[in-house]
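One structure is given below, encoded as structure tokens.
Where a number appears in this text, it was derived from the coordinates with a stated rule and is not lab data. Only a predicted model underlies this, so the values are computations on that prediction, with no experimental measurement involved. Glycine also receives a Cβ, built like all others from the backbone with ideal geometry; neighbour counts cover every protein chain displayed.
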């Protein structure tokens, strides 16, 4: 048994903060063995487990590995021949131990999952360290014939290879929804992703592409729920959000930015007990706002910490800039402030993808969390919960997201106190001192 004991550490367990704690975990089982927050947790008796690796956590904070709840791991935004290998490496360096893909082809997901298994197996056989974060996925989203995001992906002189990829995407109708869900569940989908885009928030004519009907979306949701699969949905406008919620979906993968929130949208969220993944990072790239923050985090990740390459740094400081005139990121901030007031759960996610302008998988989550605190009125603890305990609860990930006995030993050790000051997470002088996945050291 390979045991690690971190003692005398401030602990954020995914829900609450404990001033002094001792956490013991094991890489053989990949789980947390002990969480002691009693007065004697500030010390450890070396003779109790002489073979354990012991770490004095004084001046540090231990947290669950972060969950990034909205990314894409495909290579559709990358130029031909670009390096796609860092998509699971970089997040781990940023304290993100799980990423949730929201629309990629099954072959890509299965290949990455095989890489993840081999990475852990190599650690067990003697390598002793891991280098890839864990991956959850919807596989293909529930796309319709000619609908989102097919026209966008194919908009600029697509190659024959890209056309071939998009031709494999589903074309959902009420009649084939059950077959789609059965196939996805058998192939390993962790949840289902709807696509509801009327272009109202984009620099495109409203309804200029085919839009999924409420009947289709409801058929997908009903079939998914019957199969015990969670359903989340893409929508960037108020109208599209209402359709997703009226279909019975469990959450939204964006907040809307075309108008301010009203009480009736709050009631729809409450009726479904739905949550939202705001993705303020990508939405502000869409509206060409917050450029200074994108530059800040690109510089931190590149020059200060060295966790991204030059291509990703350049991608992070660019912007999509394709909003409709009425859209503004302030609508998103206002909505999240209202959700917080009314108890609608916020789950942290950015819609990052390799090569997608304004984003970088890993460091963009840091920017997202800062926006929750500085622009949406959350406390630092609430922001951290959105990327740990709340995310795990809402996605039904009962094996991670919290520091509890029996859960995965996915942990991050930070010098300083990021429960008081988020910047300690990525501070050049403080920052992340250790990341473990399944009890294996990553950095």
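For a quick check: sort 436, 169 by the number of other beta carbons within 10 angstrom, fewest at the front.
On the way: 436 26, 169 20.
Placing the least packed residue first, the sequence is 169, 436.
What is the spin-label model distance, in nm, from residue 89 to residue 433 if the labels are put 7 Å beyond Cα along the C-beta direction?
Each label point lies 7 Å from its Cα, and together they span 2.6 nm.
Can you give the convex hull volume of the alpha carbon atoms of segment 79-180 per residue, in Å³? Let's see the in-between values first.
Numbers: hull volume 13.6 nm³, N = 102.
Expressed per residue, the convex hull around the Cα atoms of segment 79-180 is 133 Å³.
Rounded to two decimals, what is Rg over Rh for segment 126-226 when you use alpha-carbon atoms and the Kirkwood radius? Write out the running numbers ahead of the final one.
Details: Rg = 16.4 Å, Rh = 15.3 Å.
That ratio equals 1.07.
Which FRET efficiency value, to the nearest 0.05, do you get for residue 270 and residue 166 by plugging their Cβ-Cβ distance into 1/(1 + (r/R0)^6) with R0 = 30 Å?
Values: r = 37 Å, r/R0 = 1.23.
Using R0 = 30 Å, I get an efficiency of 0.25.
Can you tell me how segment 278-422 classifies by the Cα gyration tensor, rounded, prolate or oblate, using a/c under 1.5 as the rounded cut? Before the final figure, lay out each step's value.
Details: a/c = 1.85, a/b = 1.23, b/c = 1.51.
Verdict is oblate for segment 278-422.
State whether segment 355-395 is rounded, prolate or oblate according to the following rule on the C-alpha gyration tensor (a ≥ b ≥ c being the square roots of its eigenvalues): a/c under 1.5 gives rounded; otherwise a/b larger than b/c gives prolate, and the remaining case gives oblate. Don't skip to the answer; put the middle values down first.
Values: a/c = 2.81, a/b = 1.33, b/c = 2.11.
Note, shape of segment 355-395 comes out oblate.
Given the Cα-Cα distance of residue 183 and residue 159 and 0.36 nm per residue of separation, how much length would full extension add, in nm? Don't jump to the answer; show the numbers that get you there.
Numbers: separation 24, 0.36 × 24 = 8.64 nm, distance 2.82 nm.
That pair, residue 183 and residue 159, stretches by 5.8 nm at full extension.
Work out how much length residue 145 to residue 121 would gain on full extension: take 0.36 nm times their residue separation and subtract the Cα-Cα distance, in nm to one decimal. It would help to have the intermediate numbers written out before the result.
Numbers: separation 24, 0.36 × 24 = 8.64 nm, distance 4.09 nm.
So the extension gain works out to 4.5 nm.
Arrange 372, 191, 269 by Cβ neighbour counts within 10 Å, fewest through most, would you?
Ranking 372, 191, 269 by Cβ neighbours within 10 Å, fewest first, gives 191, 269, 372.
Calculate for the chain the 222 nm mean residue ellipticity that helices alone would give, adding -39,500 (n - 2.57) per DSSP H run of length 4 or more and normalising by residue count, nearest 500 deg cm²/dmol.
Working: 15 runs with 141 residues, N = 443.
Calculated at 222 nm, the ellipticity per residue is -9000 deg cm²/dmol.
With 10 angstrom as the radius, rank 381, 55, 99 by how many other C-beta atoms surround their C-beta, starting from the fewest.
Details: 381 15, 55 19, 99 29.
Ordered by Cβ neighbours within 10 Å, fewest first: 381, 55, 99.
In nm, to one decimal, how far is the modelled label at residue 16 from the one at residue 291, with both set 7 Å along Cα→Cβ?
Distance between label points: 4.7 nm.
Measure nothing fancy, just the Cα-based angle from helix 363-374's long axis to the longest principal axis of the chain, in degrees from 0 to 90, nearest 10.
90
Given a Förster radius of 25 Å and the C-beta distance between residue 326 and residue 214 as r, what FRET efficiency does 1/(1 + (r/R0)^6) yield to the nearest 0.05?
Values: r = 24 Å, r/R0 = 0.95.
Once the sixth-power term is evaluated, E becomes 0.60.
Going by alpha carbons, how many degrees (0 to 90, nearest 10) lie between the helix axis of 263-272 and the longest principal axis of the chain?
Between the helix axis and the principal axis of the chain, the angle is about 70 degrees.
What nm distance separates the two modelled labels at residue 113 and residue 342, each placed 7 Å from Cα along Cα→Cβ?
Label at residue 113, label at residue 342, 3.7 nm between them.
Using alpha carbons only, how many degrees (0 to 90, rounded to 10) separate the axis of helix 329-342 from the longest principal axis of the chain?
Once rounded, the angle reads 60 degrees.
What FRET efficiency comes out for residue 51 versus residue 399 if R0 is 22 angstrom and r is the Cβ-Cβ distance? Round to the nearest 0.05. Don't skip to the answer; put the middle values down first.
Numbers: r = 26 Å, r/R0 = 1.18.
Plugging the Cβ-Cβ distance into 1/(1 + (r/R0)^6) gives 0.25.
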